[in-house]
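So the structure is just underneath, and the comments pick up after that.
What follows is calculated from the coordinates using simple rules that are stated; it is not laboratory data. As the structure is a computational prediction, the values presented were derived from the model and not from experiment. For neighbour counting, all protein chains shown are included, and Cβ atoms are generated from backbone atoms with ideal geometry for every residue, glycine included.
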Amino acid sequence: MKLRHLILGSLFFTAPAFSQTASIQGSDTLAGYISDIIVASGLDKKLVYQGGGSGLGETALVAKTQGLAPMSRAMKPELLTKGQNAGLKIEGYVVGLDGVGLFVNKSNALQSLTIDAVKKIYSCEVTNWNQVGGPNLAITVYRRNDNSGTTDAFKSLVGIKSFGACVKVVAETSDIAAITSSEVTAVGYSGQAAIRPNNRELAIAKDAASRAFLPTPANIRNSSYPLSRSLYVYAAVNTLSAAERILLDNILDRSFSDPILQDNNFITVD
């Protein structure tokens, strides 16, 4: 499997006529970006992006029910091996950068957390905002479901093996955005696509002796923001449909793809 960064100079193709509409599963974090690039490619009558989570995308790729899998984490080695053993030529591309944000309501006065404090909140060891320097309010903790690549990335970056019983599960990025915009006590992790006028992100520090950083483009690019990550598109290049091949070519065309990526609050590779 070859893992590549986005390359310059890919050709932009317009869509020929196809006879059927096909669905693509994958990262819910990337739903806006992939849906927008499908439309911009003239493929919206031929492809529809369902999202649902990176886990669903990699499973469908290996099952040969789709040729592309947008993912907010790297493909699991065991599924990559399974796909290769099934005759798939799988290539991975880093298409952008993102920071897993800790979103709170805009009215929450707390400005920052350490990684250890985040871990304790999500293990339910810390249950009131005043335990981490915030207001005297019980914390309402939310997470994405287990199909989410953002969940896998968050657990890996924070060092969480399992979530505490106090943590509530939601399905989509938009759920985290809506909840943290409306609930004063809420916290939830998500990619940058969850930014709304009535929520905001906390600065995160590696430990108590370190400076806390916000997930700005510069801090994500140089990885000073501790929850920085790459975003991927995986392709089984020997099974791509004609429409999927056009979509992949346009994703790899930086001049075509980067403005759409930025419109969806993601960071270009360089």
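May I ask what percent, to the nearest 5, of DSSP beta bridges between residues of segment 101-221 are antiparallel? Expressed as a percentage, antiparallel bridges in segment 101-221 total about 50.
Taking a ≥ b ≥ c as the square roots of the eigenvalues of the Cα gyration tensor, an a/c ratio of 1.5 or more together with a/b larger than b/c marks segment 182-270 as prolate.
Remark: relative contact order (the chain) = 30 percent; criterion is Cα-Cα distance under 8 angstrom and separation of 6 or more residues. With θ taken as phi - 60° and the Karplus curve 6.51 cos²θ - 1.76 cosθ + 1.60 applied, the whole-hertz 3J(HN,Hα) list for segment 170-180 is 10, 8, 10, 4, 4, 5, 4, 4, 5, 5, 6 Hz, x standing for glycine and proline. For segment 16-79, the set of trypsin sites (Lys or Arg not before Pro) satisfying both a DSSP loop assignment and a count of at most 16 other C-beta atoms within 10 Å is given as Lys45, Lys64. What shape does segment 101-221 have by the C-alpha gyration tensor, where a ≥ b ≥ c are the square roots of the eigenvalues, rounded means a/c under 1.5, and otherwise prolate means a/b greater than b/c and oblate the rest? Taking the square roots of the gyration eigenvalues as a ≥ b ≥ c, segment 101-221 is rounded.
Couplings 3J(HN,Hα) for segment 94-109, derived from phi with the Karplus relation 6.51 cos²θ - 1.76 cosθ + 1.60 (θ = phi - 60°), are 7, 9, x, 10, 8, x, 6, x, 9, 8, 10, 5, 4, 7, 6, 6 Hz, where x marks Gly and Pro.
Which entry is the computed semi-axes √(5λ) of the Cα gyration tensor in Å for this structure: (i) 30, 22, 17; (ii) 34, 18, 17; (iii) 28, 22, 19? Checked against the structure: label (ii). Using 0.36 nm per residue and subtracting the Cα-Cα separation, the extra length available between Arg196 and Arg221 on full extension is 6.8 nm. Residues of segment 139-157 falling in the label zone of Cys166, defined by backbone nitrogen less than 16 Å from a point 7 Å along Cα to beta-carbon, are 139-143. Within segment 116-160, what residues put their amide N at less than 15 Å from the label point 7 Å along the Cα-to-Cβ vector of Val184? The answer is 129-130, 134-140, whose backbone nitrogens lie closer than 15 Å to the label point. With a threshold of 18 Å on the Cα-Cα distance, the over-threshold entries among Lys89/Lys155; Lys120/Lys161; Lys76/Lys120; Lys82/Lys161 are Lys89/Lys155; Lys76/Lys120; Lys82/Lys161.
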